[in-house]
Ligand SMILES: [Zn+2]
Ligand SMILES: [Zn+2]
Ligand SMILES: [Zn+2]
Ligand SMILES: [Zn+2]
Ligand SMILES: [Zn+2]
């Protein structure tokens, strides 16, 4: 279902990483004159990309993707892209890109109001200005003297909670579910009398004069006027066999709930200081089929094996292969529908008494003086990560509801490809970071103290209501509304992380959107106490080393003191300081708001939820604070 060759022209430009995560496979992209849908990965072409990297190596993330999508996946690939497209629109490079198709396919002539699908051939397409791809447009020759009139996308689509998306069924809708009594394929007309809200968009059949307003399809009652979902995945060009049981909803193009990417992200962490084991893990796909020691000489004739394992003897290499195989076999079978655990190896690497030896992707050090004396009550450990590499992979997407961060199966994930994918889109970025560990005994004592507090109960109950309100109608059988409750420890560490991020942005001129966080809070069986604040965004400001230097003793003392003392006040106090979710409210923060704690969406790992200043510094009831005194 690729577009005819004449349409294989650029219709816009976007960053490769943007096309993965902000609007990836299956999402609608608004262009000036119509909207386009990003095709599934079956249609992505790499044959012209040439020498530019086509594979991103990150074994730990690849294993996690396989855990979710199956072992057919054996590669992570960047979006097809080569430099130079902006300067020379006629170059080969300009023909490489992420393929899209116009969607919805129904369009409206802005002059005569004719409403017709692209397939009807009522409209023509023009995209002949290579330097201005965004001027691509459809037109209708209905003006006097065959004047070309602009045609725009009809902005309504249907979507269901199973991730399907379809054109709005204008023909059936205007004829109230029947066919037109006057003609098999009558021309329709769409009169858009104001805004996109649908309240005043009238559809008329030009043959039988039936007319109906789109508002009749909106909202819960409007759903009854819509046909059942046809199970369409327009990014794949497929329809579900037998349709779909979900009731579709009307969406307007541009609605933020049309697409939510489901991504996995891992830091490249050396899995130990055993170089041979690391290299075996990295090349496991090439090595796993080696049947015995006697095949190793042959394997060594093939690159990259010919040079990657030069340092080791055949016997050493074979022993390492057998060790790796045994380790894989002893892993318990993964049949729980859970996200793969990507955090444990990171936590282990950062909290280990001996940090892993530096590699191209990872270099972390402890300051020789240790944690500054004034901060011993706040941090048990400080690690400066000079080099970090984060790899992110797209494993699917959802519509209408965002994926549940705890339960991948709760919101139905739409596939990236027509069959089991052999690769998924990924991107990698390099950066640096600071890892901070809070003292375990302080945290444990604080948990004892606040565990049954009114604040803790309010937060936990709000979490239960939050899940029930969103998901309970999706679940048959038992629904554990507290599944994935992150625990009070998470609130405290997460709040501390936001306080530091905001102070770093304020003091050091970092754009806070270029910072990211990872919270290592563990669970009751395996309590953890770490925060990683890092830069890992494409085109991060070129201040490498700036973030790491903030972990130097003097800077860290100043930064931490300011973060904690600022936390005691918010200009929205007392409103902010007193906030706690009360039934039936289901927001997931306490004393936290845009003024004092929230950060940009790209920075926070949990959408600015699970935050409460009163759990970190004394405001109101001081016994709730993790740090009762500001250092
Ligand atoms: Zn027209
Ligand atoms: Zn009709
Ligand atoms: Zn459906
Ligand atoms: Zn506030
Ligand atoms: Zn956050």
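Just one residue in the set 37, 62 is at pLDDT 65 or above and farther than 25 Å from residue 342 by Cα; that residue is 37. Scanning the range 506-533 for residues that are closer than 16 Å to residue 384 by Cβ and over 24 Å from the mean Cα position of the chain (by Cα) yields a total of 1.
Of all the helices (runs of 4 or more DSSP H) wholly in the range 504-612, which have at least 2 residues that are assigned by TED's automatic domain parsing to the domain that holds residue 487 and touching a helix residue (DSSP H, G or I) at 6+ places or on another chain (Cβ under 6 Å)? Can you show your working first?
On the way: elements: 546-549, 553-566, 575-578.
By residue number, 553-566.
For the range 108-117, the set of residues classified as in contact with a strand residue (DSSP E or B) (Cβ under 6 Å, 6 or more places away or on another chain) and either within 16 Å of ligand 3 (Cβ to nearest atom) or over 10 Å from residue 190 (Cβ atoms) (or both) consists of 110, 111, 117, listed by residue number.
Of all residues in the range 577-594, those being closer than 13 Å to residue 454 by Cα, surrounded by fewer than 18 Cβ atoms within 10 Å (Cβ to Cβ) and within 13 Å of ligand 4 (Cβ to nearest atom) number 1.
Would you confirm whether or not the range 162-176 contains a residue that is over 30 Å from residue 397 (Cβ atoms), exposed (fewer than 13 other Cβ atoms within 10 Å of the Cβ) and at pLDDT 90 or above? The answer is yes; a qualifying residue exists.
Against the definition (within 37 Å of the chain's Cα centre (by Cα), buried (at least 19 other Cβ atoms within 10 Å of the Cβ) and modelled with pLDDT under 90), how does residue 193 come out, yes or no? Steps first, please.
Numbers: within 37 Å of the chain's Cα centre (by Cα): yes; buried (at least 19 other Cβ atoms within 10 Å of the Cβ): no; modelled with pLDDT under 90: yes.
So residue 193 does not fit the description; no.
If you go through the range 469-501 and pick out every residue that is more than 26 Å from residue 453 (Cα to Cα), under 23 Å from the mean Cα position of the chain (by Cα) and either at pLDDT 85 or above or assigned to a loop (DSSP other than H, G, I, E, B) (or both), you end up with 1. Within the range 421-433, is even one residue outside any strand (DSSP E or B) and at pLDDT below 95? Yes, the range 421-433 contains at least one residue that is outside any strand (DSSP E or B) and at pLDDT below 95.
Report, by residue number, each residue of the range 264-294 that is in a strand (DSSP E or B) and in contact with a helix residue (DSSP H, G or I) (Cβ under 6 Å, 6 or more places away or on another chain).
Initially, the range 264-294 is screened for residues in a strand (DSSP E or B), giving 264-267.
264, 266, 267 - these are the residues of the range 264-294 that are in a strand (DSSP E or B) and in contact with a helix residue (DSSP H, G or I) (Cβ under 6 Å, 6 or more places away or on another chain).
May I ask you to verify whether residue 225 is away from ligand 2 (no atom under 16 Å from the Cβ) and either out of contact with any helix residue (DSSP H, G or I) (no Cβ under 9 Å at 6 or more places or on another chain) or not assigned by TED's automatic domain parsing to the domain that holds residue 142 (or both)? For residue 225, the condition - away from ligand 2 (no atom under 16 Å from the Cβ) and either out of contact with any helix residue (DSSP H, G or I) (no Cβ under 9 Å at 6 or more places or on another chain) or not assigned by TED's automatic domain parsing to the domain that holds residue 142 (or both) - is not met.
Would you say residue 364 is buried (at least 17 other Cβ atoms within 10 Å of the Cβ) and part of a helix (DSSP H, G or I)?
Numbers: buried (at least 17 other Cβ atoms within 10 Å of the Cβ): yes; part of a helix (DSSP H, G or I): no.
The answer is no for residue 364.
The set of residues from the range 613-629 being outside any helix (DSSP H, G or I) and at pLDDT 90 or above comprises 616, 617, 618, 619, 621, 625, 626, 627, 628, 629.
Just need a number here: residues in the range 91-142 that are at pLDDT below 70 and within 33 Å of the chain's Cα centre (by Cα).
Within the range 91-142, the subset at pLDDT below 70 is 91-96, 129-134.
With within 33 Å of the chain's Cα centre (by Cα) added as a condition, the list becomes 91-96, 130-134.
Matching residues across the range 91-142 total 11.
Just so you know, in the range 217-234 the residues that are in a helix (DSSP H, G or I) and in contact (Cβ under 8 Å) with a residue 12 or more places away in the chain include one that is nearest to residue 106 (Cα to Cα), and it is 217.
The values are calculated or read from the model by the stated rules, or taken from the named source; none is laboratory data. What you are looking at is a predicted structure, and each value in this text was computed from that prediction instead of being measured. As a convention, Cβ positions derive from the backbone with ideal geometry for all residues, glycine included, and neighbour counts pool all protein chains shown.
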